[in-house]
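For reference, the structure is listed below as structure tokens.
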Amino acid sequence: MDKRTFLKSLGLAVSSIPAWSFAQEEIIETIAAQKQLLAQLLHPGDTIGLIAPAGVIDTEESIVMTKEIFQAFGFQVKEGKHIRSRYGNLAGKDDDRLADIHSMFADQEVKAIICIRGGAGASRLLPQIDYQLIANNPKVLLGYSDITALIMAFYKKTGLISFHGAVGISTWSNTVAKNFENQFFLNQSTQFANPTDKGDNFIQYKERITTLRSGQAEGILLGGNLTLLSGLCGSAYLPDFKNAILFLEEVDENIERVDRMFCQLKLAGILDQIKGFVFGKCTDCGPAGGYGSLTLEQVLNDYIKPLGVPAYSGAMIGHIANQFILPVGAHVKMDADKGTITLLQQVLKD
């Protein structure tokens, strides 16, 4: 099978590629080695499962409102048995949360799995997860923040493309709802870009992107929460970041800790492997006490600019209302000058 035929078999776009470059050869080899696994497109009337694989759900209203959101899309909703459990700050003991993950993947009625919230604790489950069960039953998994641990491990162990985006207790604006429909009903989310509406202003003030280094790059989209990624360094649950477009976001961390986590990614060799970099939002991140700290801009300049790869910050990724729904493990092209991430393949089966 020639490379162009192989690319088509994976659902990747080839019409705009006039010739093969060495970089494109590397990317296709990376995809082939990982053996991508795609879930099915969703339809109104499908059953979706709600799980809480990390932090505790502290109010019944959070569950009620999450159900209302997905019922409004036309789904039937099935609750995980343990979503109301509590064990300290966790949504039940490890075995309880693990059981809900396994039962939802095993349930043939359930077509997609939505995490009600992030929080903490998903990493504790990784050694006990039945990855063969997941590989045999590929389904949409949607979540972010602490759910980064599951997204990374599922891709590493099975090749499943999961989705980094709003959880049940997120703010489901009309923009987020439209993004959900485009991605999961229509398979049409092909480019991710910040809004460019200036409003009544002469220039754009809100949702600006900052180009750290100009250029375009192709690669495998990998990333998520900075704390979770740095915490998984050295484990068996991080994929190979060779030929990756790395995206990161963070919340409620002082910049001293952000600097330390970037240093961990650097020392682990991850940053030196990537083809491009996108930073989302560092929500409620500020300087440390005492002598203060570096700024986020200085941290990005210190760790990212020397890599010499296309990079930008300010993307609509993270603990914000109108965040992207990103397919982690997909083949993408990024443009650091325009601030865009463009899909080069289908990420769900029709």
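Across region 219-342, the volume of the C-alpha convex hull divided among the residues equals 101 Å³ per residue.
Each listed q (0.10, 0.13, 0.15 Å⁻¹) maps to a log10 I(q)/I(0) for the chain, found by the Debye formula over equal Cα scatterers with no solvent: -0.58, -1.01, -1.37.
For residue 212, the residues 5 or more places off, or on other chains, whose built amide H falls under 5 Å of its own are 311, 312, 313. Note on the chain: with charges restricted to the Cβ of Lys and Arg (+1) and Asp and Glu (-1), its dipole about the Cα centre is near 540 debye.
The charge dipole of region 243-307, taken about its Cα centre with unit charges on the Cβ of Lys, Arg, Asp and Glu (plus for the first two, minus for the last two), comes to roughly 260 debye.
In this Cβ point-charge picture (+1 for Lys and Arg, -1 for Asp and Glu), region 90-232 has a dipole of about 360 debye about its Cα centre. Backbone geometry of region 136-142 corresponds, through the Karplus equation with coefficients 6.51, -1.76 and 1.60 at θ = phi - 60°, to 3J(HN,Hα) couplings of 7, 9, x, 9, 4, 10, 10 Hz, x marking Gly and Pro. By accessible area, using a 1.4 Å probe on protein heavy atoms only, the chain has 48% of its surface on carbon and sulfur. Ranking 331, 231, 245 by Cα position along the charge dipole of the chain, where only Lys, Arg, Asp and Glu carry charges on their C-beta atoms, puts 331 farthest toward the positive end. Think of a 1.4 Å ball rolled over the protein heavy atoms: the chain then has 43 Å² of accessible area per residue.
Which residue fluctuates the most in the chain, going by a Gaussian network model with Cα springs under 10 Å, if the choices are 90, 38, 294? Judging by the Gaussian network model, the answer is 294. Dipole of the chain computed with +1 at Lys/Arg Cβ and -1 at Asp/Glu Cβ about the Cα centre; of 254, 321, 307, farthest Cα towards the positive end is 307.
Pairs from the table (111/198; 67/275; 93/157; 67/198) lying more than 29 angstrom apart at Cα are 111/198; 67/275; 67/198.
Distance distribution P(r), region 54-151, all Cα-Cα pairs, bin width 5 angstrom from 0: 2, 12, 24, 28, 21, 10, 2, 0 percent. Take residue 334: with every protein chain present and a 1.4 Å probe, its accessible area is about 0 Å².
For 86, 213, 260, give me the order by solvent-accessible area with a 1.4 Å probe, most accessible first, ignoring ligands, DNA and RNA. Walk me through the numbers on the way to the answer.
On the way: 86 170, 213 95, 260 125 Å².
Output order, biggest surface exposure first: 86, 260, 213.
Under a 5 Å amide H cut-off, with hydrogens placed 1.01 Å from N, residue 344 pairs with 331, 332, 333 among residues at least 5 apart or on other chains. Entry note, the chain: the mean residue ellipticity at 222 nm calculated from DSSP H runs of n ≥ 4, each adding -39500 (n - 2.57), is -8500 deg cm²/dmol after division by the residues and rounding to the nearest 500.
The values are calculated or read from the model by the stated rules, or taken from the named source; none is laboratory data. Just so we're clear, the structure is a prediction, and the values are computed from it rather than from any experiment. Cβ coordinates were reconstructed from backbone atoms using ideal geometry, including for glycine residues, and neighbour counts include every protein chain displayed. Ligands, DNA and RNA are stripped out before the accessible areas are found, and what is left, the full protein with its side chains, is counted by its heavy atoms. Shrake-Rupley method; radii C 1.70, N 1.55, O 1.52, S 1.80 Å.
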